[in-house]
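Since the structure comes first, as structure tokens, the remarks are kept for the end.
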Amino acid sequence: MASTTRPSASRTATEIATQPSCWRKAAELAPGHPALPQRGERVAVIGCGTSWFIAQAYATLREAGGHGETDAFAASEFPFDRAYDRVLALTRSGTTTEVLELLGRVRGTTRTSAVTADPVTPVMTAADSVAVLDFADETSVVQTRFATSALALFRAHLESEGALPEGVRTVAEAAEDAELALATPLPEGLTGAEQFTFLGAGWTCGLAQEAGLKMREAAGAWTEAYPAMEYRHGPISITAPGRVAWMFGRLPEGLDLDISRTGGLLVESPLDPMADLVRVHRLAVELAEARGLDPDQPRNLTRSVVLHP
């Protein structure tokens, strides 16, 4: 059975629905963009919150495609004693304090670049070069389309250089899958679930972390996220009837049987994992509204974290 809840009228839901077109626009910008790392560069990708998880996904994709050593850090945890050819910052608002301070500290000794949604913010002058995804900007506090559009930009850039990791689809194919993710009803039983564990492998570990964050932000849901093969090493103990294990990408052999024995609900999909994340976006809005929450006004959050001395 599938969920037939009526469409949401929230701003967040409206932004979620535009993701396929945003991904295609981002892909058009990617080839040769000066803000994106060149093959062979040693790169650190930094961000906060959602941007950090997207950075993790991109770092894994870039290394797996043979483009060069790539690390991902929360901006506040950057190791200044390491040498990089480029520091690439991901910041929707262009105003996040930790990101701007990091760029200022490394500028002049390391090439810096940024991806942002707002072209009239401090990051435009804080980095040496900037890619602007203003068509993917959001009024919502909770990030959806900007984050995935940034990842689409990164994926399309790797694709334009002729080296996507094996098994990773093109952005065009991912956008087609996202249209299916938007049009197809969600599985039955998700809005009534007590707990969600998101699983990934390789580049989708970052997506699993991001899925958990979206559900916490928008709906106040109890969520966890792990590499799929680590799930057996303790976290599976939390899965039970009325709880969900959601896999991004191919499920490791035998894990479906292990989940079945817990009585929990397994969710997996043949869609591109980035498109499957769109289903989580939809679920987060649906669950928030089912709980009487406003997904456009999440508790205790602001659009950007700007720290004042």
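The values are calculated or read from the model by the stated rules, or taken from the named source; none is laboratory data. Everything numeric here is computed off the predicted structure, so don't read it as measured data. So basically every Cβ, Gly included, is an ideal-geometry build from the backbone, and we count neighbours across all protein chains shown. These accessible areas exclude ligands, DNA and RNA; they are computed on the full protein's heavy atoms, side chains included. Shrake-Rupley method; radii C 1.70, N 1.55, O 1.52, S 1.80 Å.
What is the one condition in (1) open to solvent by less than 50 Å² (accessible area, probe 1.4 Å); (2) in contact with a Pro (Cβ under 6 Å, 6 or more places away or on another chain); (3) not in a loop (DSSP other than H, G, I, E, B) that VAL141 does not satisfy?
(3)
What do you reckon, is PHE146 outside any strand (DSSP E or B), open to solvent by 20 Å² or more (accessible area, probe 1.4 Å), of a type in the set (A, V, I, L, M, F, W, C) and under 22 Å from LYS214 (Cβ atoms)?
Numbers: outside any strand (DSSP E or B): yes; open to solvent by 20 Å² or more (accessible area, probe 1.4 Å): no; of a type in the set (A, V, I, L, M, F, W, C): yes; under 22 Å from LYS214 (Cβ atoms): yes.
No.
Suppose we filter segment 95-114 for residues that are of a type in the set (A, V, I, L, M, F, W, C) and in contact (Cβ under 8 Å) with a residue 60 or more places away in the chain; how many remain? Even if it seems obvious, please write down each step before you answer.
The initial filter retains those residues of segment 95-114 that are of a type in the set (A, V, I, L, M, F, W, C), namely 99-100, 102-103, 106, 114.
Pick out the ones that are also in contact (Cβ under 8 Å) with a residue 60 or more places away in the chain and you get 114.
The total comes to 1.
From the list ARG169, ARG111, ARG105, exactly one residue is part of a helix (DSSP H, G or I) and of a type in the set (Lys, Arg). Which is it? Spell out how you get there, then give the answer.
On the way: ARG169 fails: part of a helix (DSSP H, G or I); ARG111 fails: part of a helix (DSSP H, G or I).
Answer to the check: ARG105.
Return yes or no: is GLU224 within 30 Å of THR12 (Cα to Cα) and in contact with a Ser or Thr (Cβ under 6 Å, 6 or more places away or on another chain)?
Values: within 30 Å of THR12 (Cα to Cα): yes; in contact with a Ser or Thr (Cβ under 6 Å, 6 or more places away or on another chain): yes.
So GLU224 passes the test.
Residues being open to solvent by less than 30 Å² (accessible area, probe 1.4 Å) and either assigned to a loop (DSSP other than H, G, I, E, B) or in contact with a strand residue (DSSP E or B) (Cβ under 7 Å, 6 or more places away or on another chain) (or both): count how many of those fall in segment 242-265.
Of the residues in segment 242-265, 11 are open to solvent by less than 30 Å² (accessible area, probe 1.4 Å) and either assigned to a loop (DSSP other than H, G, I, E, B) or in contact with a strand residue (DSSP E or B) (Cβ under 7 Å, 6 or more places away or on another chain) (or both).
Does any residue in segment 252-264 that is at positive phi come within less than 6 Å, Cβ to Cβ, of a residue that is outside any helix (DSSP H, G or I) and not acidic (Asp, Glu) six or more places away or on a different chain, and which pairs are these?
GLY263/ALA240; GLY263/PRO241
With touching an Asp or Glu at 6+ places or on another chain (Cβ under 7 Å) and among the hydrophobic types (A, V, I, L, M, F, W, C) as the only criterion, which of VAL142, VAL132, VAL168 stands out?
Numbers: VAL132 fails: touching an Asp or Glu at 6+ places or on another chain (Cβ under 7 Å); VAL168 fails: touching an Asp or Glu at 6+ places or on another chain (Cβ under 7 Å).
It is VAL142.
When you scan segment 120-138, how many residues do you find that are open to solvent by less than 60 Å² (accessible area, probe 1.4 Å), assigned to a loop (DSSP other than H, G, I, E, B) and either out of contact with any Gly (no Cβ under 6 Å at 6 or more places or on another chain) or within 9 Å of ARG92 (Cα to Cα) (or both)?
Filtering segment 120-138 down to residues open to solvent by less than 60 Å² (accessible area, probe 1.4 Å) leaves 121, 123, 126-127, 129-133, 135-138.
Narrowing further to those that are assigned to a loop (DSSP other than H, G, I, E, B): 121, 127, 133, 137-138.
Okay, now just the ones that are also either out of contact with any Gly (no Cβ under 6 Å at 6 or more places or on another chain) or within 9 Å of ARG92 (Cα to Cα) (or both), so 127, 133, 137-138.
The total comes to 4.
Counting only residues that are in contact (Cβ under 8 Å) with a residue 12 or more places away in the chain and over 21 Å from the mean Cα position of the chain (by Cα), which one in segment 267-309 is nearest to VAL141 (Cα to Cα)?
Top of the filtered list is ASP294.
Yes or no: segment 266-275 includes at least one residue that is assigned to a loop (DSSP other than H, G, I, E, B) and farther than 27 Å from GLU173 by Cα. Before the answer, list the steps.
Going residue by residue through segment 266-275, those that are assigned to a loop (DSSP other than H, G, I, E, B) are 268-272.
Filter once more, so that each one left must be farther than 27 Å from GLU173 by Cα: none.
Within segment 266-275, none of the residues are assigned to a loop (DSSP other than H, G, I, E, B) and farther than 27 Å from GLU173 by Cα.
Looking only at segment 83-106, filter to residues that are among the basic types (Lys, Arg) and out of contact with any helix residue (DSSP H, G or I) (no Cβ under 7 Å at 6 or more places or on another chain); which one of those is least open to solvent (accessible area, probe 1.4 Å)? Steps first, please.
Quick first cut of segment 83-106, residues among the basic types (Lys, Arg) only: 86, 92, 105.
Then drop every residue that is not out of contact with any helix residue (DSSP H, G or I) (no Cβ under 7 Å at 6 or more places or on another chain), which leaves 86, 105.
Values: ARG86: 2, ARG105: 158 Å².
Restricting to residues being among the basic types (Lys, Arg) and out of contact with any helix residue (DSSP H, G or I) (no Cβ under 7 Å at 6 or more places or on another chain), the top hit is ARG86.
Please tell me if PRO185 is open to solvent by less than 20 Å² (accessible area, probe 1.4 Å), assigned to a loop (DSSP other than H, G, I, E, B) and in contact (Cβ under 8 Å) with a residue 60 or more places away in the chain. Can you show your working first?
Numbers: open to solvent by less than 20 Å² (accessible area, probe 1.4 Å): no; assigned to a loop (DSSP other than H, G, I, E, B): yes; in contact (Cβ under 8 Å) with a residue 60 or more places away in the chain: yes.
The answer is no for PRO185.
Considering only residues that are of a type in the set (Phe, Trp, Tyr) and not in a strand (DSSP E or B), look in segment 189-241 and name the one that is surrounded by the fewest Cβ atoms within 10 Å (Cβ to Cβ).
Pass one, segment 189-241, residues of a type in the set (Phe, Trp, Tyr): 196, 198, 203, 222, 226, 231.
Filter again for not in a strand (DSSP E or B), leaving 203, 222, 231.
Working: TRP203: 25, TRP222: 15, TYR231: 24.
The qualifying residue surrounded by the fewest Cβ atoms within 10 Å (Cβ to Cβ) is TRP222.
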